[in-house]
Amino acid sequence: MKIISKKDFDDFINALIKDESWNVIGVKSRGSKFAFGPLENAQELRLDYDVTLLPPKKYFFPQRETLFTYDLSGGFSAKNPDEAKPMVIIGVHPYDIVALLHMDEIFRETKSDPYYFNKRKASVIIGVNMQKMSKWNFSAYMGCAVIDYGYDLMLTDLGNRYAINTGSQKGEQLLAKYAKNVTPALARDIQIAGQKKREILSLSQQKFDFPPEFIPELLKDSYSNSSFWERHSEKCLACGSCVLVCPTCYCFDVKDNPDISLEHGERIRTWDGCLLEDFAKIASGENFRATRPTRYRHRYFKKGKYLFDRFGFISCVGCGRCSSNCLPNIANPVDLFNDMYNESLNNGAQAITATTHPEVNIQTEGNIDYVPKLATITKKVPMTLSETLFEVKLDDGTELGHKPGQFVEVSVFGIGEAPISLSSSPTVKGAFELCVRKLGNVTTRLHKLNVGDKIGIRGPFGNGFDVDSLKGKDLLFIAGGLGIAPLRSLFNYVLASRNDFGRVFLLYGCKEPKEILFGEELAALSLREDVDFRSTVNFCPENEVWTGNIGVITTLIPQISFDPEKTIAVLCGPPVMYKFVIADLKAKNMPDENIVMSLERRMKCGVGKCGHCQINQIYVCKDGPVFNYSKIKGVPEAL
Amino acid sequence: MSKEINVHHITRVEGHGNINVVINNGTVERCEWAIPEAPRFFEAMVVGRSWNELHHITSRICGICSIGHTLASLKATEAALGIKISEQDLKLRKLALHAENMQSHLLHVGFLVLPDLMAVGSVIPLASSHPAEVKTVLKLHRIANEMSNLLCGRTTHPQRLIPGGFSKIPTAKELAALRSKLMDAVPSLEAVAKLIKGLAGKLPDFKRETEFIALTDPNEYALYDGRIASSDTGSAPAREYLAYTNEYIVPHSTAKWAKHARESYMVGALARVNINYSKLSPMAKETAEMFGLAPVCHNPFMNNIAQLVETVHSVEDSIKLINELEADGLVPQPDYNKPEIKVKAGSGVGAVEVPRGILFHDYTYNDKGICTRANCVIPTNQNHGNISLDMKALVPQIIEKSKSEIELTLEMLVRAYDPCISCSTHVVKVNGN
Amino acid sequence: MKPKVAFFDFAGCEGDQLQVANLEEDLLALLGQVEVVSFREVMKEHSDNYDIAFVEGSCTRLQDEDRLKQIRKNAKIVVALGSCAAIGGINSLRNYKDLDSVKKTVYGDQAKLFDSYAARPIDAVIPVDAYVYGCPIDRDDFLHVVKSLLLGKKPETPTYPVCVECKKNENVCAFERGQFCVGPVTRAGCNSCCVNEGTICWGCRGLVDNPNENSHKEVLIKYGLTVDDAIGKFRLYFGWQEAKR
């Protein structure tokens, strides 16, 4: 521990400001509150603050950030934003430092987010121990009120001087270069600093009735307690304030912002929040968390359970910002969890204990690339009034290299990005196919493009089908409507090495004959002896001809006989289809493990970051879109 | 020979107005200036609303002079509740008014009048035929808008102007930056003046003696404050405005008209220049001399030139005000400033010179600060009578001209007044209760 | 071929069209993308042949309905420009007054010459394809809608309230300053411009699609407003929308 007088500390800050190579950020007053902002001089710094309006994450993951700019005038060129300027942030409270460590884990999982880490790596964090505590703060309960890690330097106010703990070489060097008269701490100073830190723990005005480590266990049984969630969320304004001010929330939206020439523009990402109405809404209009109670519940589950299961920490540091920003006062986690705890005790629950720590194994490999590859539409085959099959080639001549069941993010510049399943088999080289339904803005615009037009491609994303595990098995493909598109990739793959598989069934249903996709290919199938193909329509208008089955897709299942133990059922269709098909398969004694399916959600980033496709603890874009039924049957939001 | 001129919804003016002239065998049978604009009943709408909302609501009377309406409204509320504002806030408000004056005058002279002088239908073809001139006007207009953004937080329907002062004020740095922009604007302004000078011969040489009414002040070119002055009768405090405005109903007009010492009077830039010529800034006077504009000028078409002169005055006076603020040392105020105000019952009148002339807001509040009565008198209302009489005097002088020439001249006449028709009907009066 | 664009106004302050004029240099760029065929405020020419009609102002008279219907007939796309056209706006304050007696006081025995009914947004009379909310409209928001239409895209309108933008802008909440605002139920898209300038959200962009009105009224009352004042806060801009709900 070191000591610096307050005057020398001010000189240190002023020296940093004077050296223009740094962005010097500190806590300043704003109205009756405080906020991090650029410092013009050391006098502006308010290290006696209670809490800032927004956490310092805004400097690493800004409210609005340009992912890249594009220029279509000469074909296409995209430019990434410049490198981050070195930044020093002064006066971060311990809980906000822990929150940054959480963000680090989230932004590095699977693939690192270069935008976040460029800025993070270029920064120096100077923490300060709390001198005042907001009345909503419960960081002491979360173990985040005092810390001895995560900072470069940490200050403790000792009256006319600061005690400085050094946490990194970066901090050490900063001090050596810009600060004068830094002396080693005397035993007395160390003692006072220790005393100050202990005092902080007693400042808390919030009180948990139980140790917060119990939260994941407590939540486990509360998901289906809908009256609990309805009661607590009745006054929710769905304004998103609780998540927007949260230091550990990281959900974002991605949009295109063309300029008025329409030739240039930028792709931006902005903060989003799972409490907001359209957060889980997909292009077809289906909203997977349409009501306030479900979104309200999702926030608590995400913080207290889903991220705990994934990362091993409760994603809350106890800063109390959510509570203080909620006008109807329903966002305080302490109140909610106390109520949940007491209600479960009243309902006769046995003593609750902490969940054993999950096994955390964070894989990370390379960086996320938000800039799409340029690609050309090489074929455009209209299939129905609203669906078209596009053949696409990457302009750099490389193969996409996808697995059946994966998807790509398709960009139409100026409009945005949309996730589209691959419908061609990886065995077809040189190009790939996308069967696209006209639904949202991107797909509608895509339909107006022609052969030769340029689009952007990111991916492939998602897990795809585990092809090897299917080998030697009988396969029962069940496709509803546009669900045939992703299944076709696997189906054609299977046909390409037909001998590796057992019997193959394909059941295909759609609303009416004119909506049938891949009609000619399917007609050819009925001539094959090594495939049992059956199709159905829900109805056939009077002026059209249909000689096949009429009825929903499940009416085909009794028509075939298969060995449930040896057969793998592969499902893809509209959300409503799964429940009925699974019930019928189960009735035929098919084991859960033998059912795999592909799910559709609002996949924005494709890499498990933006949060839109999340169903309970699962990111569809990263953990899926292909799931084994046995793994998701207990996931209430999946089906 | 008979001619009928019907201009339905005259263009390049704010709001809807119709001109209807019937000429039969060389005599004028009908000459009518009618206002079919939909009335909006603002004075009824504000009754029952709180003192801290009135300026927000009445700002919506007019998009183009929303700063003026806000200021007149604030002055009326402040007079009613006995609120004093600081010397600094007074200067900042004067700057806000200058911003609107410049913005509105430039829009009118540069975009709405210029096409007449250059014989085109709008500024749009000028953008390609005279790009440099259009860009110069745009640049000046943008500076005026930036100024209004800085003072009011917006170009239209200001936010920062609140009872008792400002919710937020510019920093000294921002004001200094504004001053250099204003200084840069001077050469552009000279270029615009030269351009108009070359075209001024197209303005009809028409005179009709009338009364002019404007605010006046012994110490400055009155815009934000002053006594009501008439070119016919002398002056009186603003609270006696009803003795000047005398509004009355005219058939086929949703707006009310006004008269004072004569059958009609004129307000606006020309009235102000006529009454307060000696208080104009030096460069503004030079500009007036360049066009031979001297008091008392009775040609309503010269209102366009008076607006140009006032634009120069606003630029020069704004620079002066910023210098004064700087010399006094700008006192910062807290974020989200909200002056402490004691609510009481009372009545107050606010009079402000806005781009189109003198504007009055007059409110009564009860002891809870709820508005129980409101009256607003709008410049364009005061001008309708004068427009109509000008028309009646002008038509016989041009009766031999072609129908289209008569139509154009009459349109130019209306446009010269820069009427804000939606304003003038938006505040149709509720008398009594 | 450049799409043909026309501007029209009804009962309103024309402040929204002024925002279009105030686009300054962007206006020149915009004129490179569209052909303006009617804009009474700035041009003499007029044509009924247009693709996109921008309509400002509320419908306040029966006689306005015919004009609106004609515009709808002529245009492929009708855009409501500003609060008065999009939600009824401040005009709907008068819907709480006894209009007949107001008119009689104003016009005396000639009152019947001046027909006038409850102020309403234009979509109460004709179908509307896109909305630019705000009083006045935000210039960037206007450009966003125009660019979307030029790209053949349905303009995205936030379904979340102003709080979202206000939090991102790190404002001190009006309620924390002893003031009252309706931001939690008002449609975002303005970048919380009024609060950024030190005041409050007045609600000019109208209610979000699914507002929790009762909860927010309770909040207003909890923080010290009377029931009448809380209702008054909602009436300032939400009059027509609330009457419809």
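Give me the net charge of residue A:38's neighbourhood, meaning all other residues with Cβ under 15 Å from the Cβ of residue A:38; Lys, Arg count +1, Asp, Glu -1.
Computed value for this residue: +3.
Output wanted: per-residue J couplings in Hz (rounded whole) for the range B:232-238, from phi through Karplus 6.51 cos²θ - 1.76 cosθ + 1.60, θ = phi - 60°, x for Gly and Pro.
9, 10, x, 10, 8, x, 4
Assuming R0 = 30 Å, can you tell me the calculated FRET efficiency for the pair residue A:20 and residue C:29, based on Cβ-Cβ distance, to the nearest 0.05? Provide the component values of the computation, followed by the final result.
On the way: r = 35 Å, r/R0 = 1.17.
With a Förster radius of 30 Å, E is 0.30.
Put B:146, B:190 in order of accessible area, largest first, 1.4 Å probe: what do you get?
Most to least solvent-accessible, the answer reads B:190, B:146.
What angle, in degrees between 0 and 90 and rounded to the nearest 10, separates the Cα long axis of helix B:172-199 from the longest principal axis of the Cα atoms of chain B?
Tilt of helix B:172-199: around 10 degrees.
When a/c is below 1.5 the answer is rounded, else prolate if a/b is larger than b/c, else oblate, so apply that to the range A:372-461 with a ≥ b ≥ c taken from the square roots of the Cα gyration tensor eigenvalues.
rounded
Send over a whole-number figure in Å² for the accessible area per residue of the range B:313-380, probe 1.4 Å. Please list the in-between numbers first.
Numbers: 2690 Å² over 68 residues.
That works out to 40 Å² for each residue.
Which one of B:388, B:231, B:128 has the biggest mean-square fluctuation once chain B is modelled by GNM with Cα springs under 10 Å?
In this elastic network of chain B, the residue with the biggest mean-square fluctuation among B:388, B:231, B:128 is B:128.
Let me know the charge dipole size of the range C:192-245 about its Cα centre in debye, to the nearest 20, where only the beta-carbon of Lys, Arg (+1) and Asp, Glu (-1) is charged.
100 debye
Using the Cα centre of chain A as the reference point, and only Cβ charges (+1 on K/R, -1 on D/E), how large is the resulting charge dipole? Debye, rounded to the nearest 20.
In debye, rounded to 20, chain A gives about 1240.
When you look at the Cβ of every residue in C:90-103, what mean number of other chain Cβ atoms sits within 10 Å? Provide the component values of the computation, followed by the final result.
Working: counts 10, 7, 1, 11, 6, 1, 3, 6, 1, 2, 0, 3, 9, 5.
For this peptide, the per-residue mean of nearby foreign Cβ atoms is 5.
Less than 20 Å from a label point 7 Å out along the Cα-to-Cβ axis of residue B:298: which backbone N atoms in the range B:244-263 qualify, by residue?
B:259-263
Under the rule of at least 5 residues apart or a separate chain, name every residue whose amide H is placed under 5 Å from the amide H of residue A:26.
The answer is A:37, A:39, A:90.
Report the label-to-label distance for residue B:219 and residue B:239 in nanometres (one decimal), using points 7 Å from each Cα along the Cα→Cβ vector.
2.0 nm
Scan around residue C:4 for amide H atoms under 5 Å from its own, H built in the peptide plane at 1.01 Å from N, and keep only partners 5 or more places away or cross-chain.
Amide H neighbours of residue C:4: C:35, C:51, C:52.
Which angle from 0 to 90°, rounded to the nearest 10, does the C-alpha axis of helix B:87-106 make with the longest principal axis of chain B?
20 degrees
In whole Å, how far is the Cα centre of the range A:501-527 from that of the range A:407-446?
Value for the Cα centre distance between the two parts: 22 Å.
For residue A:538 and residue A:503, FRET efficiency with R0 = 35 Å and r from the beta-carbon atoms, rounded to 0.05? Show your work: numbers first, answer last.
Values: r = 27 Å, r/R0 = 0.76.
The value I calculate is 0.85.
Give, as a single signed number, the net charge of other residues whose beta carbon lies under 9 Å from the beta carbon of residue A:395, with Lys and Arg counted +1 and Asp and Glu -1.
Working: positive: A:373, A:393, A:454; negative: A:396.
Result for the local shell: +2.
My understanding is that a pair violates if its Cα-Cα distance is over 25 Å; which of A:2/A:177; B:207/B:259; B:181/C:168; A:58/A:373; B:368/C:97 do that in this structure?
B:181/C:168; A:58/A:373, as the Cα separations exceed 25 Å there.
Using 0.36 nm times the number of residues separating residue A:593 and residue A:527, minus their current alpha carbon distance, what extension gain do you get?
Contour length minus Cα-Cα distance gives 20.6 nm.
Return, ordered by residue number, the residues of the range A:140-160 whose backbone nitrogen is under 16 Å from a label point located 7 Å along Cα→Cβ of residue A:8.
Correct set: A:154-160.
Relative to the first principal axis of the alpha-carbon coordinates of chain B, what is the inclination of helix B:66-81, with its axis defined by its Cα atoms, in degrees from 0 to 90 and to the nearest 10?
50 degrees
Of the options B:257, C:42, A:37, report the single residue whose Cα projects farthest towards the positive end of the charge dipole of the protein assembly as shown (beta-carbon charges: Lys, Arg +1; Asp, Glu -1).
Checking the options against the dipole of the protein assembly as shown, the answer is A:37.
Which whole-Hz couplings ³J(HN,Hα) result when phi for each residue of the range C:137-149 is put into the Karplus expression 6.51 cos²θ - 1.76 cosθ + 1.60, θ = phi - 60°, listed in order with x for Gly and Pro?
5, 8, 4, 5, 5, 4, 4, 4, 5, 5, 4, 4, 5
For B:128-135, what's the mean count of beta carbons from other chains sitting within 10 Å of each residue's beta carbon?
Mean shielding count: 1.
Can you give the accessible area of residue A:384 in Å² (nearest 10), computed on protein heavy atoms with a 1.4 Å probe?
Its heavy atoms expose roughly 20 Å² to the probe.
Measure off 7 Å from each Cα along the Cα-to-Cβ vector at residue B:25 and residue A:635, then give the distance between these two points in nanometres to one decimal.
Using points 7 Å along Cα→Cβ, the separation is 9.4 nm.
Starting from the Cα of residue A:40, step 7 Å toward the Cβ, then list every residue of the range B:163-185 with an amide N under 15 Å from that point.
Within reach of a label on residue A:40: B:169-178.
Applying the Karplus parametrisation 6.51 cos²θ - 1.76 cosθ + 1.60 with θ = phi - 60° to the phi angles of the range B:139-150, what ³J(HN,Hα) value in whole Hz is obtained for each residue in order, glycine and proline being reported as x?
5, 5, 4, 5, 4, 4, 5, 4, 5, 5, 4, 5
In nanometres, what is the gap between the two model label sites at residue C:214 and residue A:360, each 7 Å from Cα along Cα-to-Cβ?
Simple spin-label model gives 4.2 nm for this pair.
Sorted by accessible area (1.4 Å probe), largest first, how do B:195, A:439 line up?
The most accessible residue leads, giving A:439, B:195.
For chain B, which whole percent of the accessible surface, found with a 1.4 angstrom probe, sits on carbon and sulfur atoms?
It is 53 percent, rounded to a whole number.
Based on Cβ point charges of +1 for Lys and Arg and -1 for Asp and Glu, what charge dipole magnitude is obtained for the protein assembly as shown about its Cα centre, in debye rounded to the nearest 20? Could the numbers behind the result be given before it?
Values: 154 positive and 157 negative charges, 295 e Å.
Taking the Cα centre of the protein assembly as shown as origin, the dipole is about 1420 debye.
Taking a ≥ b ≥ c as the square roots of the Cα gyration tensor eigenvalues, with a/c under 1.5 meaning rounded and otherwise prolate when a/b beats b/c, else oblate, which class fits the range C:163-244?
On the way: a/c = 1.85, a/b = 1.21, b/c = 1.53.
It is oblate, given that a/c is not under 1.5 and a/b is not larger than b/c.
Taking each residue of C:35-43 in turn, how many C-beta atoms of other protein chains fall within 10 Å of its C-beta, and what is the average? Walk me through the numbers before you get to the answer.
Details: counts 1, 2, 0, 1, 4, 8, 11, 10, 11.
Mean shielding by partner chains, rounded to a whole number: 5.
Can you sort B:320, C:76 by 1.4 Å-probe accessible area, starting with the largest?
Greatest to least solvent exposure: C:76, B:320.
The values are calculated or read from the model by the stated rules, or taken from the named source; none is laboratory data. Nothing here was measured: the structure is a model prediction, and the numbers come from that model. Because the Cβ atoms are built from the backbone with ideal geometry, glycine has one as well, and the counts that use them run over all protein chains shown. Ligands, DNA and RNA are excluded from the accessible area calculation, which covers all protein heavy atoms including side chains. Shrake-Rupley method; radii C 1.70, N 1.55, O 1.52, S 1.80 Å.
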